[in-house]
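Participant: Structure incoming, see below.
None of the figures in this text is laboratory data; all of them are computed from the coordinates on show. Because the structure is a prediction, the values reported are computed rather than measured. Heads up, the Cβs are rebuilt from the backbone with ideal geometry, glycines too, and the neighbour counts pull from every protein chain shown.
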Amino acid sequence: MRVTSTRYRTLLLALLCAPVTACDDASVPAPLTQDPDAGLKVYHHSMDESPASLDPVQAANIYANHILENTLDTLYAYKYLARPYELKTNLADGWPEISEDRLTYTIRIKRGVRFQDDACFPQGRGREVTAADFVYSLKRNFDPKNRPQGAWFWQGRIVGLDEWKDAGSDHAKEVPGLLALDRYTIQVRLTRPYPQLLDTFAQGYSGVIPREAVERYGREFGVHPVGSGPFKLVSYDSARAVLDRNPHYRQEPVDLAYEGYDPATQRYSGVERIAGRSPPFVDRVIFDFASDDASRWNSLTKGDEIQYAAVPPEKLDEILASRSPPRLKPEYAERYQLIVGLEAGFVFEVFNFSDPRYGYHPDPVQAGRNKALRCAIMKAFDWPARNESWYGGLARVFPGVIVPVTAEFDPDTPVDTITRDVPGARRLLAENGWNAGNLPEFVYGNSAGVKQRMMFEQLRAWLIDIGYPTEKVINKNYATFGDLSRAWKQNELPLISKGWGLDFPDAENTLQLFYGPNGSPGSNDANYRNPEFDRLYEEASVMLPGPERTAIYRRMNEILLQDCVGMTGLSRTRTYLWHKNVVGLPDREITGGFWIKFVDVLPKGESARPADLGQEI
Amino acid sequence: MNAVIADALADPTPRSLWSAAVRKLARDRAGLIGLAVVLAYLVAALGVWLGLWATEWAEITGSKWAPVSAEHWFGTNIIGQDIFQRGIYSTATAFEVGLVVAVLAAALGGVLGALAGFFVGSWIDELILWAMGVLDAMPFYLLVAAVAFALADNPWSMHVAMIATFWTTTSRLVRGEVIKLRGMEFVEAARAIGVPPTVTIFRHILPNTTHILLVQMTLAFVDAIKAEVILSFLGLGVKGGMSWGLMISESTLEFLGGHFNNLIAASCLMFGLVYAFNMFADALQDALDPKQVSA
């Protein structure tokens, strides 16, 4: 009995030890719960939407650009810290040679730049980037097979490019205005001067990709972009994208002065720590896509997940000790850095001029009544309330479409078009024979969502104030923003409510939204057609920046306001928080994401903020 | 001996099922309280329909998130609308949806159930049973959401969806009752003197299922209100008007800011009506139960 008991004990001991021994064996795969980021320097970034595609020719939003600007190279890019935004060279080796007539650009690219290692290359080793790659990448924007969305940047601008598309987009054929003169030299010939051309070469649409990757991955290229940027995409789905450092990224030490560093306003971010070092500084960037404000907020404040997120407007009062100047409450200042800035873009609601009930009408008398109706609705619109309800009262309302962050913005433009005047609106309607019985139905389209429905309710309440019967103001829901956008393009709705982010810091980018030839399905969803406006647009479009061009832009803005084109506009103030151990100055404007390659992350508990600055902003 | 039998023995006067049910209902205190609350809600709904109150439910009458005050009894929402007015207006929506769905679902279920029961074993019965089986096999909210989504722009889409799914329970119960009734003497007599089947069904049999229809209507009423709130919350319900479901969905914009007035107001109003109606429906069910009433 005693012997037996000892044997059992030995057996039991052996069984207990077995798993311990097995765990120590290096040949056994690691448990599934092991942190895949262990030992890596990781930056967690959050965004409110996920991109639908990462094919650069479909990079129509900042979400795609955030990833593409970090995985691909563009010829030019925006300086990290310079505000107003300034271009700098990126893949381009210096500024272009421009002919005297400003029609021919000769651009050289850097030598020795390699694409990321990928299975599309022989032996999986990335080859050198050449001028032909840029030519190929840009031409893809004119190949309908790729469902490109950025062709409008170059449409009618580059000699032979539209004809190349019309002839079937055969990549074996050359475009006379878009040539690789040799391995490192690109030549672009324009049909007319295009002052914003270099800005277009900083967009995700013009990101340089290798033909081999497109041919290997086919339609899957949209989830497997290959480029020569600082990071390489390793995984991507609707919840997150993971980018790893590109070990072959060219060594280009950061020159803070060149990047536009302003110690007076930017030192708090700790960016001085990256001076003289070559980016990227982190091993991995993880983009978490979460459309729900509360989820992002909880993830940020929990402390161990995302390190950067926009502050929901409902939380502003909770985190800010003062709004002007913006200052965090001590409990938040202890843990986070704050940046508050005006967006490079705006939101606006414009009438559809193709709708004879609100827009153009063949009968001049009715056309005049329609204009009075539009002006009355503009007077009903309560911009301060809109700002308070949805943007925490921090947005900037301005008259017209030239947004405040552009140099052409005129702060002295009269504000009567953005001032609520209910008696004036009622008077205008009465003078023009409008009453509750003959006012046309007002169908407000929006994508499904509570916030969208409440924005409709707000507008309906204002229309009720000027005499609209409740039942004539109708909400029409579309399942997705894409469906709503299609309805605008197909002229189904009398009002277009949208936001526009500047592609480049030039008022031309918003004025083109009202240029007649850009009518639906182009960017002019309002289908606004005014010969005088179009003439001025064409005149200004070939001019270099300067007072003369600015005067023309401002005159165009006046024309839009006089025509009561719609309720415009409002630039949102973006408020972001990020963890103190993150070195960086976030900015999601213009192309979005161009700053992420400069991000560094300090060990937990350390602060990027210089100690002598204290916690005040 | 239970109380009902004792009552019957104590009072030798012969009573109809209806008069007995009314007497029984009148003694059910919980049921009467439920009925009183439901009537109070009905008065609120009638006032909305007649334009006596809650006329400014769509207008902006205060500032963003104004607190509870004499002017705004439940405060205001994110755009400054009065939550009390919206809550009261939603009562009318609940009654409108509840009544339309309850009446039409009961009518449809009653007619189809009576047909299936009268022609039991025939192809008519098979067809109706098959339709009921198919509809019952699908998850309720999924089916309602699918119908409501398919009829997206139609303001009656939600009603159609609910009626299309609510009639089956009534139909099953009525079918069972009619199978029992069709073998009774008065039906035999009608058949013997040559009364056509449709007349027999609709004049002689269906009136004898009224107690089932009445109880089912009260249950469908409550279910319709709950389904309306859920569908509206999901964006598939009320279009253009206001409902407790829409108020609850609005409140999702307000949680982060620490404002819960919309949620509390809509939830309490809905809870009050649903609970009261359930109490009343239970009492009605007890009162109309032939086993208890006729004992």
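Participant: Starting from the Cα of A:GLU558, step 7 Å along the direction of its Cβ; do the same at A:GLU86; then give the gap between the two resulting points in nm.
Facilitator: Going by the 7 Å Cα→Cβ label model, 3.3 nm.
Participant: Taking each residue of A:471-478 in turn, how many C-beta atoms of other protein chains fall within 10 Å of its C-beta, and what is the average?
Facilitator: Going residue by residue through A:471-478 and averaging, the value is 2.
Participant: Below 8 Å, C-alpha to C-alpha, sequence gap of six or more: please give me the relative contact order for chain B in percent.
Facilitator: That works out to 27 percent.
Participant: While we're looking at this one, here's another question. Can you give the average number of partner chain beta-carbon atoms within 10 Å of each beta-carbon in peptide A:382-391, as a whole number?
Facilitator: Mean shielding count: 3.
Participant: Specify the angular offset, from 0 to 90 degrees and rounded to the nearest 10, of the alpha carbon long axis of helix B:29-49 from the longest principal axis of the alpha carbons in chain B.
Facilitator: Here the helix axis deviates by roughly 60 degrees.
Participant: Could you pull out every one of the lysines with an alpha carbon less than 17 Å from that of A:LYS173, ignoring same-chain neighbours closer than 8 positions?
Facilitator: A:LYS139, A:LYS145, A:LYS165
Participant: Okay, next question. Work out the charge dipole of chain B with +1 on the Cβ of Lys and Arg and -1 on the Cβ of Asp and Glu about the Cα centre, then indicate which of B:THR91, B:TRP123, B:ALA70 is farthest towards its positive end.
Facilitator: Positive-most Cα among the choices belongs to B:TRP123.
Participant: Taking only Cα atoms, what is the 0 to 90° angle, nearest 10, from helix B:83-118's long axis to the longest principal axis of chain B?
Facilitator: Result, in degrees: 20.
Participant: Measuring from centroid to centroid over Cα atoms, what is the spacing of segment A:432-470 and segment A:492-553 in Å?
Facilitator: Taking the Cα centre of each part, segment A:432-470 and segment A:492-553 sit 27 Å apart.
Participant: Are any of the pairs A:LYS41/A:LYS604; A:LYS315/B:LYS239; A:LYS451/B:LYS239; A:LYS379/A:LYS472; A:LYS41/A:LYS88 more than 21 Å apart by Cα-Cα distance, and if so, which?
Facilitator: Pairs exceeding 21 Å: A:LYS315/B:LYS239; A:LYS41/A:LYS88.
Participant: I need the calculated FRET efficiency for the pair A:GLU539 and A:ARG216, taking r as the beta carbon distance and R₀ as 56 Å, to the nearest 0.05.
Facilitator: 0.75
Participant: Rounded to the nearest 20 Debye, what is the dipole magnitude of segment A:345-571 about its Cα centre when Lys and Arg each give +1 and Asp and Glu each give -1 at the C-beta?
Facilitator: For segment A:345-571, the charge dipole is close to 660 debye.
Participant: FRET efficiency for B:ALA192 and B:VAL134, Cβ-Cβ distance as r, R0 = 35 Å, nearest 0.05?
Facilitator: Here the calculated transfer efficiency is 0.40.
Participant: I would also like to ask the following. Please get the size of the charge dipole for segment B:131-240, origin at its Cα centre, with Cβ charges of +1 on Lys and Arg and -1 on Asp and Glu, quoted in debye to the nearest 20.
Facilitator: Rounded to the nearest 20 debye, it is 180 debye.
Participant: Report the trypsin sites (Lys or Arg not before Pro) located in segment A:512-610 that are in a DSSP loop and have at most 15 other Cβ atoms inside 10 Å of their Cβ, or state none.
Facilitator: Those satisfying the criteria are A:LYS604.
Participant: Also: Putting +1 on Lys and Arg Cβ atoms and -1 on Asp and Glu Cβ atoms, find which of A:GLY94, A:GLY222, A:PRO325 reaches farthest to the positive end of the dipole of chain A.
Facilitator: Value computed over the given set: A:GLY222.
Participant: Under 17 Å from a label point 7 Å along Cα→Cβ of A:GLU331: give me every residue in segment B:254-280 with its amide N that close.
Facilitator: Taking a point 7 Å out along Cα→Cβ of A:GLU331, the residues of segment B:254-280 whose backbone N falls under 17 Å are B:256-259.
Participant: Using the basic label-point model (7 angstrom from Cα toward the beta carbon), what is the A:ASP412 to B:TRP123 distance in nanometres?
Facilitator: Going by the 7 Å Cα→Cβ label model, 8.8 nm.
Participant: For A:TYR205, A:TYR360, which order do you get if you count the other beta carbons within 10 Å of each Cβ and list the fewest first?
Facilitator: Details: A:TYR205 29, A:TYR360 16.
Ordered from fewest to most neighbouring Cβ atoms within 10 Å, A:TYR205, A:TYR360 come out as A:TYR360, A:TYR205.
Participant: Placing unit charges on C-beta atoms (Lys and Arg positive, Asp and Glu negative, everything else neutral), compute the dipole magnitude of chain B about its Cα centre in debye, rounded to 20.
Facilitator: Values: 16 positive and 22 negative charges, 128 e Å.
Roughly 620 debye, rounded to the nearest 20.
Participant: Same structure, new question: Can you show me the helix-derived [θ] at 222 nm for chain A, built from DSSP H runs with n ≥ 4 at -39,500 (n - 2.57) apiece and divided by the number of residues, rounded to the nearest 500.
Facilitator: Result for chain A, helices only: -8000 deg cm²/dmol.
Participant: When you look at the Cβ of every residue in B:211-219, what mean number of other chain Cβ atoms sits within 10 Å? Before the final figure, lay out the partial values.
Facilitator: Numbers: counts 0, 0, 0, 0, 0, 0, 0, 0, 0.
Taking all residues of B:211-219 together, the mean is 0.
Participant: Can you give me the span-like helices of chain A, meaning DSSP H runs with 20 Å or more of Cα extent along the axis and Kyte-Doolittle mean at or above 0.5?
Facilitator: Helices meeting the criterion: A:2-24.
Participant: Can you compute the modelled spin-label distance between B:ALA107 and B:ALA40, with each label point 7 Å from Cα toward Cβ, in nm?
Facilitator: In this crude spin-label approximation the distance works out to 3.2 nm.
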